[in-house]
């Protein structure tokens, strides 16, 4: 009920407009990805890069890059082609419904990712990488447009360049920053709770070991 009251007050305070993505604030734009991002802008040069750190689709889960593999020029996979830089967004074009999407942080700068990803790199500083990262996980805007583009049954995928026409909302930069701040705080809370849950599960397993083998007895 309280949330509904907030919505009403918010609607009165701010003006909205109709758009291809639904009703959005008047100050926001709707833009095609191709207008603000270069897609797959850089390839690895193996003549100057004898060893690579490689990110494949299996390395990315729930928005996080969990691991990578090292390869030399001689044994690198044929898909190891796309050089990524800090601030790039990587979008899995293979089974995109599984959301193997990630953002390249400083830790993964100058790594190489699979051609199973589309690499998005901001080309005019109108959008913050973190904002695009969150948009990619919002099904109402992003996957709703991507899923109809999938072709193939054994290897369902989209073409990287189909992303050029995907529409996304574009708030002013200060508002993007505030949105990122709120969502990142929630992410931090979720991560802490997940670690706490894992700790409790370890404690439980230890207690089960003690109680169900009789190492620790309980009074009846």
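What follows is calculated from the coordinates using simple rules that are stated; it is not laboratory data. Worth saying up front: this structure is predicted, and the values here are computed from it rather than measured.
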Problem set entry | Measure of compaction for the stretch 103-220 (Cα Rg per 2.2 N^0.38 Å) | 1.65
Problem set entry | Difference of contour (0.36 nm per residue) and Cα-Cα distance, residue 218 to residue 19 | 65.2 nm
Seminar exercise, completed: Honestly the stretch 107-167 on the Cα gyration tensor test (a ≥ b ≥ c root eigenvalues; a/c under 1.5 rounded, otherwise a/b vs b/c for prolate or oblate) is just oblate
For this session: Would you mind telling me which residue in 103, 132, 208 has the biggest mean-square fluctuation in a Gaussian network model of the chain, where springs connect alpha carbons within a distance under 10 angstrom?
Result: 208
Seminar exercise, completed: Within the set 111, 134, 196, GNM on the chain using Cα springs under 10 Å gives the largest fluctuation to 196
For this session: Would you compute, from DSSP H runs of 4+ residues alone, the mean residue ellipticity of the chain at 222 nm, taking -39500 (n - 2.57) per run and dividing by the full residue count, rounded to the nearest 500?
Result: -10000 deg cm²/dmol
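For the stretch 17-171, divide the Cα radius of gyration by the Kirkwood radius and give the resulting Rg/Rh value with two decimals. Provide the component values of the computation, followed by the final result.
Values: Rg = 15.8 Å, Rh = 16.1 Å.
Taking Rg over the Kirkwood Rh, I get 0.99.
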Exercise. What is the P(r) of the stretch 62-104, as percent of Cα-Cα pairs per 5 Å bin from 0?
Worked result: 5, 17, 24, 26, 20, 7, 1
Problem set entry | Alpha-carbon centroid distance for the pair the stretch 49-92 / the stretch 198-220, whole angstrom | 42
For this session: Using only the Cα atoms of the stretch 172-220, build the gyration tensor, take square roots of its eigenvalues as a ≥ b ≥ c, and label the shape rounded, prolate or oblate: rounded if a/c is under 1.5, else prolate if a/b is larger than b/c, else oblate.
Result: prolate
For this session: Could you work out which residue, out of 115, 105, 189, moves most in a Gaussian network model of the chain, that is, has the largest mean-square fluctuation with Cα springs under 10 Å?
Result: 189
